[in-house]
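Contents: one structure, followed by commentary.
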Amino acid sequence: MESRVAVIGGGNMGYALGCSLVHKVLNKPEDLLIVERKGNRAEYILNALKCNVEQKINSRVREFGIIVVAVKPQEAEEALHELKEYIFERHIVISIMAGVPISFISDKLGGHERIVRCMPNLPGQIGVGITVYFGRYGFSAEDYVAVERVLSSMGAVLRVAEEDLIDGATAISGTGPGYMFYIIDSMVSAAVDLGFSYREAESMIAEFIKGSVELWLQSDLKPDTLLKMVASEGGTTEAALVVFNKHHLDEIIRDGIKAAYERAKKLIG
Ligand SMILES: NC(=O)c1ccc[n+]([C@@H]2O[C@H](COP(=O)([O-])OP(=O)(O)OC[C@H]3O[C@@H](n4cnc5c(N)ncnc54)[C@H](OP(=O)(O)O)[C@@H]3O)[C@@H](O)[C@H]2O)c1
């Protein structure tokens, strides 16, 4: 039963998760149900994945042991209200909704206990994301295996010991790809200013970012040590760092992440 998965909401994330599940994890497409209320979107999903598709939450969710809630935070109350009628005690409910606390989900589901809250990220759409998750209580080791089987279809998985860390993960790994694209976009513009074509700039920047991350992971050194290695006295890195430090870039980054964290805590408030 836990090997069959229902996903509520077939939008960006719900559909991407459905694709990964069908292609990597589930034995057959019939082990997946996607509930998507928009008719044209539901039809698209049916054609693309050949899985079960419904346009309204109904008794069919009882055939699936794991239910993933992938609607927008502001749509949570309505979707959970619809789901409440069909939920049974053994169901594992996984929420990917940013900023929606387990207590809220449990309350709307009539006190349901087996709830996992997680935070995936955009690269999960191509299987190279990181999903951070927290399970409140009532889970066995086998339950965690079943949960991680679903989440690992989107890439790496990290279980944390406190629910508050899910809001933290929202501000770090959930929002993080956005920070990267912001920085990448600025660097591409700077390279174009120096005379490179847009394509040349993109390929140089993509390669040095991949290479830097690979070096970091393989060397086992901390980022500040690697920074010292590259920033020799009187060199070009040092010249750039003088400017970054003059503008307190490290504080700006910390403040931005803090703002994302505060927003994560207020998403449904
Ligand atoms: N996008 C990201 O990178 C990202 C990363 C981490 C987490 N998340 C979380 O993932 C969740 C989904 O985000 P998204 O970008 O995939 O949103 P989305 O594209 O709007 O997808 C949600 C889909 O669910 C449908 N829906 C809403 N209520 C429904 C119901 N009761 N029954 C059936 N279908 C219903 C919506 O239809 P309507 O359009 O008609 O409302 C929409 O098609 C959010 O809670 C977000 O916080 C997103």
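The values are calculated or read from the model by the stated rules, or taken from the named source; none is laboratory data. Everything numeric here is computed off the predicted structure, so don't read it as measured data. Quick reminder, even Gly has a Cβ in these numbers, built from the backbone with ideal geometry, and neighbours come from all protein chains shown. Ligands, DNA and RNA are stripped out before the accessible areas are found, and what is left, the full protein with its side chains, is counted by its heavy atoms. Shrake-Rupley method; radii C 1.70, N 1.55, O 1.52, S 1.80 Å.
For segment 102-158, which residues satisfy the criterion of being over 26 Å from N27 (Cα atoms), within 13 Å of the ligand (Cβ to nearest atom) and of a type in the set (A, V, I, L, M)?
Passing the criteria: only I105.
Only one residue in V243, V230 is at pLDDT 95 or above and either open to solvent by less than 90 Å² (accessible area, probe 1.4 Å) or assigned by TED's automatic domain parsing to the domain that holds M97 (or both). Which one? Spell out how you get there, then give the answer.
Working: V230 fails: at pLDDT 95 or above.
Among V243, V230, only V243 is at pLDDT 95 or above and either open to solvent by less than 90 Å² (accessible area, probe 1.4 Å) or assigned by TED's automatic domain parsing to the domain that holds M97 (or both).
Could you tell me whether V100 is in contact (Cβ under 8 Å) with a residue 60 or more places away in the chain and not in a helix (DSSP H, G or I)?
Numbers: in contact (Cβ under 8 Å) with a residue 60 or more places away in the chain: yes; not in a helix (DSSP H, G or I): yes.
Against the criterion (in contact (Cβ under 8 Å) with a residue 60 or more places away in the chain and not in a helix (DSSP H, G or I)), V100 qualifies.
Only one of (1) within 30 Å of G168 (Cβ to Cβ); (2) out of contact with any strand residue (DSSP E or B) (no Cβ under 8 Å at 6 or more places or on another chain) fails for A70. Which number is that?
(2)
From the list S197, S219, which residue is under 25 Å from I172 (Cβ atoms), open to solvent by less than 80 Å² (accessible area, probe 1.4 Å) and polar (S, T, N, Q)? It would help to see each step written out before you state the result.
Values: S197 fails: under 25 Å from I172 (Cβ atoms).
That would be S219, the only listed residue that is under 25 Å from I172 (Cβ atoms), open to solvent by less than 80 Å² (accessible area, probe 1.4 Å) and polar (S, T, N, Q).
To keep it simple, each residue is scored yes or no on (1) in contact (Cβ under 8 Å) with a residue 40 or more places away in the chain; (2) in the same structural domain as I57 (by TED's automatic domain parsing); (3) surrounded by fewer than 20 Cβ atoms within 10 Å (Cβ to Cβ).
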residue	(1), (2), (3)
G111	no, yes, yes
V116	no, yes, no
G127	yes, yes, yes
V132	yes, yes, no
M154	yes, yes, no
M180	no, no, yes
I183	no, no, yes
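Tell me the strands (runs of 3 or more DSSP E) entirely within segment 15-91 that contain at least 3 residues that are at positive phi and open to solvent by 10 Å² or more (accessible area, probe 1.4 Å).
Details: elements: 32-35, 52-54, 66-69.
Correct list: empty, since no element meets the threshold.
Name the residues in segment 15-43 that are free of Cβ contacts under 8 Å to residues at least 40 places away in the same chain, more than 10 Å from the ligand (Cβ to nearest atom) and of a type in the set (A, V, I, L, M), would you?
Result: V22, L26, L32, L33.
Looking only at segment 1-14, filter to residues that are within 15 Å of the ligand (Cβ to nearest atom) and either aliphatic (A, V, I, L, M) or not assigned by TED's automatic domain parsing to the domain that holds G124 (or both); which one of those is surrounded by the most Cβ atoms within 10 Å (Cβ to Cβ)?
Initially, segment 1-14 is screened for residues within 15 Å of the ligand (Cβ to nearest atom), giving 6-14.
Filter once more, so that each one left must be either aliphatic (A, V, I, L, M) or not assigned by TED's automatic domain parsing to the domain that holds G124 (or both): 6-8, 13.
Values: A6: 26, V7: 29, I8: 26, M13: 22.
It comes out as V7.
Within segment 145-172, can you find the residues that are out of contact with any strand residue (DSSP E or B) (no Cβ under 7 Å at 6 or more places or on another chain), of a type outside the set (S, T, N, Q) and over 21 Å from G99 (Cα atoms)?
V145, R149
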